[in-house]
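These notes are about the structure you will find just below.
The values are calculated or read from the model by the stated rules, or taken from the named source; none is laboratory data. The model shown is predicted, which means the values in this text are computed figures rather than measured ones. When we count neighbours, we look across all protein chains shown, and the Cβ atoms used for this are built from the backbone with ideal geometry, even at glycine. Surface areas here come from the heavy atoms of the whole protein model, side chains and all, with no ligands, DNA or RNA. Shrake-Rupley method; radii C 1.70, N 1.55, O 1.52, S 1.80 Å.
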Amino acid sequence: MNATNPSSSSSSSLQAVVFDMDGVLIDTEIVWQRVRESFAESIGARWTTEDQESTMGTNTAAWSRIMVERLQLRERNGMDEAAIAHEIVGRMLAQYRRHLPLRAGAVEAVRMAARSHTVALATGSPAELARYVLEASGLAPLMQAVVCGDDVEHGKPAPDIYLLALSRIGVAPHAAVGIEDSANGLRSLKAAGMAAIAAPSPDYPLSAEALALADLRIDTMQALTPELLQQAHANSARTPR
């Protein structure tokens, strides 16, 4: 996955860059974990790192179901998926309003991509949180489409969220690159037929198996350049489908 000069044909065919949000634009995976841990403690339960990793990249329907099952919420306090989703999203929004943990270089990376490509957002977060992040970061005007986890029946690792984002901007999967931090996200991108750049958060390193799905890896958002976008696209085009 080392950078080389892409061919002009690969370069000209890249049309869109689709960003994930949690872990890519904002360092919130640790916030999600702490909010869930705090909630679990409040009911005398425990939320583990393994529990957290199982929810990364998923939509509200999926992670609320996981929380109900793993914390035995129906048995403990009669909470169902809708109730825990409302509780956790409310706690997350309160955290964002106190401090929005933008990932270093993320805003600049989106602006860079938008100068030459269509950009969109495909996030497992609910629309309420995505809207707040985009407005607070100033990125809302740049996003030509915003698809949230609640917009699709099947969240990541299913390809639905990326396919819907691409349909809204009128770009074919082979002409797009996605930026993801999680294994579920990378699986979603490859299932959609897109080029994939892995941008893992330092707090949540990816396994070798997950990294093998990526066409290129960056360790910081500052590292994302027009050349690397083109290289990821070229690498994907050379990979047998």
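Quick notes on this structure:
- Antiparallel bridge percentage (DSSP; both residues within the chain; nearest 5): 5 percent
- In the chain, taking the dipole from charged Cβ atoms about the Cα centre, the farthest positive-side position among 223, 126, 32 is held by 223.
- Loop trypsin sites (Lys or Arg not before Pro), region 62-164, which have at most 11 other Cβ atoms in a 10 Å radius of their Cβ (DSSP): 115
- For the pair residue 38 and residue 208 in one chain, pulling the backbone fully straight at 0.36 nm per residue adds 58.1 nm over the alpha carbon distance.
- The residues of the chain have, on average, 44 Å² of accessible surface per residue, using a 1.4 Å probe with all protein chains present.
- Amide H contacts under 5 Å for residue 195: 176, 178, restricted to partners 5 or more places along the chain or on a different chain, H placed in the peptide plane at 1.01 Å from N.
- The phi-based Karplus calculation (6.51 cos²θ - 1.76 cosθ + 1.60; θ = phi - 60°) puts the 3J(HN,Hα) values of region 50-66 at 4, 4, 4, 4, 5, 9, 4, x, 7, 8, 4, 4, 6, 6, 5, 5, 4 Hz, whole numbers, x for Gly and Pro.
- Contact order, relative form, for region 129-200: 27 percent (alpha carbon pairs under 8 Å, 6 or more residues apart, mean separation divided by residue count).
- Full-extension gain in nm, residue 69 to residue 225, via 0.36 nm per residue minus C-alpha separation: 52.0 nm
- In this structure, the amide hydrogen of residue 26, modeled 1.01 Å from its nitrogen in the peptide plane, lies closer than 5 angstrom to those of 103, counting only residues at least 5 positions away or on a different chain.
- Of interest is the spacing of the C-alpha centroids, which for region 45-79 and region 163-211 amounts to 24 Å.
- Cα lying deepest toward the dipole's positive end in the chain, options 234, 59, 158, charges on Cβ: 234
- Check: the chain dipole with +1 on Lys, Arg Cβ and -1 on Asp, Glu Cβ, in debye: 420 debye
- Cut-off under 5 Å, modelled amide H: who pairs with residue 146 long-range: 121
- Only one residue of 105, 174, 205 has its Cα farthest out toward the positive end of the dipole of the chain, where Lys and Arg carry +1 and Asp and Glu -1 on Cβ, and that residue is 174.
- Backbone geometry of region 218-230 corresponds, through the Karplus equation with coefficients 6.51, -1.76 and 1.60 at θ = phi - 60°, to 3J(HN,Hα) couplings of 10, 9, 9, 6, 5, 6, 6, 10, x, 5, 6, 4, 5 Hz, x marking Gly and Pro.
- Percentage relative contact order, the chain, counting C-alpha pairs under 8 Å, at least six apart: 27 percent
- What you get for region 106-193, charging only the Cβ of Lys and Arg (+1) and of Asp and Glu (-1), is a dipole of about 300 debye around the Cα centre.
- Cα-based shape type of region 41-98, given that a ≥ b ≥ c are square roots of the gyration tensor eigenvalues and the cut on a/c is 1.5: rounded
- For region 51-181, the Cβ-based charge dipole about the Cα centre amounts to some 440 debye (Lys, Arg positive; Asp, Glu negative; other atoms uncharged).
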